[in-house]
1. Within the stretch 72-87, count every residue that is surrounded by 14 or more Cβ atoms within 10 Å (Cβ to Cβ), out of contact with any helix residue (DSSP H, G or I) (no Cβ under 7 Å at 6 or more places or on another chain) and of a type in the set (A, V, I, L, M).
2. Consider GLY95 against the criteria (1) surrounded by fewer than 19 Cβ atoms within 10 Å (Cβ to Cβ); (2) more than 24 Å from VAL146 (Cβ to Cβ); (3) at pLDDT 95 or above: it satisfies all of them except one. Which criterion is unmet?
3. Could you go through the stretch 143-154 and let me know if any residue there is away from the ligand (no atom under 12 Å from the Cβ) and among the small types (Gly, Ala, Ser).
4. Does ARG203 fit the bill of being within 19 Å of GLY159 (Cβ to Cβ) and of a type in the set (D, E, K, R)?
5. So which residues in the stretch 194-209 are among the β-branched types (Val, Ile, Thr) and in a helix (DSSP H, G or I)?
6. Which residue is farthest from ASP175 (Cα to Cα), if the candidates are limited to the stretch 103-138 and must be within 16 Å of the ligand (Cβ to nearest atom) and among the β-branched types (Val, Ile, Thr)?
7. Just to be sure, is ASP110 closer than 25 Å to LEU231 by Cα, surrounded by fewer than 16 Cβ atoms within 10 Å (Cβ to Cβ) and charged (D, E, K, R)?
8. If you go through the stretch 221-251, how many residues are touching a Gly at 6+ places or on another chain (Cβ under 7 Å) and without any contact (Cβ under 8 Å) to a residue 60 or more places away in the chain?
Amino acid sequence: MRTQRSELSEADFQAVSKLAYDEAGLVLPASKKAFVYSRLQKRLRHLKLGTFEDYCALLRQNDPDGEAERINLISALTTNVTQFFREAHHFELFGKEVLPGMVEAARKGDPVRIWSAGCSAGQEPFTIAAYCLKHAPQLATADFRVLASDIDPNVLHHGLAGVYPEDSLPDDRSDYFSDLIEATENPKDFRFKENVKKLIAFRKLNLLRDWPFSGRFDAIFCRNVAIYFDLPTQQGLFEKFGKQLKPKGWLFVGHSERVNLDTNKAFRSAGLTSYQRTE
Ligand SMILES: C[S@@+](CC[C@H](N)C(=O)[O-])C[C@H]1O[C@@H](n2cnc3c(N)ncnc32)[C@H](O)[C@@H]1O
């Protein structure tokens, strides 16, 4: 016997879209209805709810159950695709232009900070930390930290564990991390060693809410995150990043994202999807 599948009415789709936009800035046009349907079907099954109407009623509840499900909704609707050394051209510029300044700052005893904003399961901040340790080993004993943040608590525990499948390493860099990783109980996985893990602080953070820190960053990587926001939200976020960077600090965005330099005078273009504060 086939099970009855619940319909996602236009009103329920609109309610979910509005919530995703208000809570996380995610834009879900009508063309995304099938995507929303399939992602939320899993939530309905998990919660043993019969209809999207019931699900939307749960989302509206002003109690801990409703609040927990609003977090799960955002988690279900975000795209967490990521990989080690994604958009590797950023690391060429980073190595040539950014790292020397960081090393000099560390030599003087200044704090050196990088932010992976929208870090998903941690491959981006681990790539950053590993790259820094390999090319500037002196940072290991400096006041050097990587903040790795994401709105989705369900991805952050991967980063905290620092355990990844062997086959997630890019073919052309399969040995890159070899001195920074160790074996796990599962021969198909590896784990980053403590000296790398301790450099990265994983935190749950919604980029569209207040940021609970005052220190400024040498570089911010926010790649393939703003693409899910509308243009005013994207440009507002990039303006906020400008204020959160140290003078002459660096911003790296994803391949489909651009800082509008006509309106944002804080940055200059420094290469493909790479920006530097002008002052
Ligand atoms: C496609 S992944 C990008 C991961 C990594 N930066 C990369 O380029 O490989 C997008 C991440 O952005 C996060 N995200 C989406 N909206 C967010 C928001 N409002 N605040 C913080 N993170 C958000 C998602 O949870 C997801 O993990």
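1. Of the residues in that region, 0 qualify.
2. Failed condition: (2).
3. Taking every residue of the stretch 143-154 in turn, none turns out to be away from the ligand (no atom under 12 Å from the Cβ) and among the small types (Gly, Ala, Ser).
4. yes
5. First, the residues of the stretch 194-209 that are among the β-branched types (Val, Ile, Thr): 196, 200.
Hit for the stretch 194-209 is VAL196, nothing else.
6. Taking the stretch 103-138 and keeping what is within 16 Å of the ligand (Cβ to nearest atom), we get 114-131.
Right, trim to among the β-branched types (Val, Ile, Thr) and you get 114, 127-128.
Details: ILE114: 24, THR127: 13, ILE128: 16 Å.
For the stretch 103-138, the residue satisfying everything is ILE114.
7. Working: closer than 25 Å to LEU231 by Cα: no; surrounded by fewer than 16 Cβ atoms within 10 Å (Cβ to Cβ): yes; charged (D, E, K, R): yes.
It is false that ASP110 is closer than 25 Å to LEU231 by Cα, surrounded by fewer than 16 Cβ atoms within 10 Å (Cβ to Cβ) and charged (D, E, K, R).
8. 1
The values are calculated or read from the model by the stated rules, or taken from the named source; none is laboratory data. This one's a predicted model, so the numbers in the text were calculated from it and none came from an experiment. Note that each Cβ is placed from the backbone with ideal geometry, even for glycine, and that neighbours are counted across all protein chains shown.
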